[in-house]
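> Pasting a structure below so you can have a look.
The values are calculated or read from the model by the stated rules, or taken from the named source; none is laboratory data. This structure is a prediction, so every number in the text was calculated from the model and none was measured. FYI the Cβ positions are ideal-geometry reconstructions off the backbone, even for glycines, and counts take in every protein chain you see. These area figures cover heavy atoms from the full protein model, side chains too; ligands, DNA and RNA do not enter into them. Shrake-Rupley method; radii C 1.70, N 1.55, O 1.52, S 1.80 Å.
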Amino acid sequence: MPKTMFATAILATAMLALPALAQQTPAVPLTAEAEHLVLEALDQMLALPLPDWAELDGAASTEMLDLLSVYFREDDGEARLEIYPRGEGEALWSRLYGARIFDQPGLTLANLRSVIIDVYARACRPESVALFQLEPDDGDNIPPLGFVCGAYHDLPGYAGQGEVMIMGFYKSAAGVAMVYQEWRGAAFDPEDSGTWPVTAEQIERRVAQFKAQAALTPVD
């Protein structure tokens, strides 16, 4: 699929409202293990670090999924997972953890990253957007990326708010995937991390987990 067509497909998926996700009746192909969540879709298995929210501290893996609001959709070669703290959802959230798996083994991680950045940046005021990486790229083995949106455009449900997001990108012989986490709050100064809805220490810890604990493998 050409990059422009792929970007259009991603944008359409990004605009999906929660009710459309919530109407999906099949069981979510997600399991909780001692140190990971595991999502299996599109002949691939994605291991994700466990959510790092304080209210989950001490929760056993057997009860982890019961403490979360989980939504899943698989359509047109893309599987999309969204996880919120219990009681939050797409219409009203402060923290979001998610993943996407694509059945496109020919897509480079650098191209996937550029498409995702473009899609998310469209919702933000251009002067409020910033990107950061804690280390440089190593070929197609790219490190997690930070995306800062100090202020959204004045869209319904978004006005007066901003977010910080980190994303990890992964590849298997069967496709590619991204794992991401977002923190949303009142609009802020993107150049002053002290105003962000998440601390620098939390970001650094989560980036390290995305790098060390997330992995994508084909399902035999």
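> Please verify whether the stretch 66-85 includes one or more residues that are basic (Lys, Arg), in contact with a Leu (Cβ under 7 Å, 6 or more places away or on another chain), under 18 Å from GLY168 (Cβ atoms) and open to solvent by 10 Å² or more (accessible area, probe 1.4 Å). Talk me through it step by step, then tell me what you get.
Here is the first cut: in the stretch 66-85, the ones basic (Lys, Arg) are 73, 80.
From what is left, the residues that are in contact with a Leu (Cβ under 7 Å, 6 or more places away or on another chain) are 73.
Narrowing the set further to residues that are under 18 Å from GLY168 (Cβ atoms) leaves none.
No.
> Still on this structure, please answer the following. Go through the stretch 164-194 and give me each residue that's over 30 Å from THR217 (Cβ atoms) and of a type outside the set (S, T, N, Q).
Initially, the stretch 164-194 is screened for residues over 30 Å from THR217 (Cβ atoms), giving 184-194.
Of everything in the stretch 164-194, those that are over 30 Å from THR217 (Cβ atoms) and of a type outside the set (S, T, N, Q) turn out to be ARG184, GLY185, ALA186, ALA187, PHE188, ASP189, PRO190, GLU191, ASP192, GLY194.
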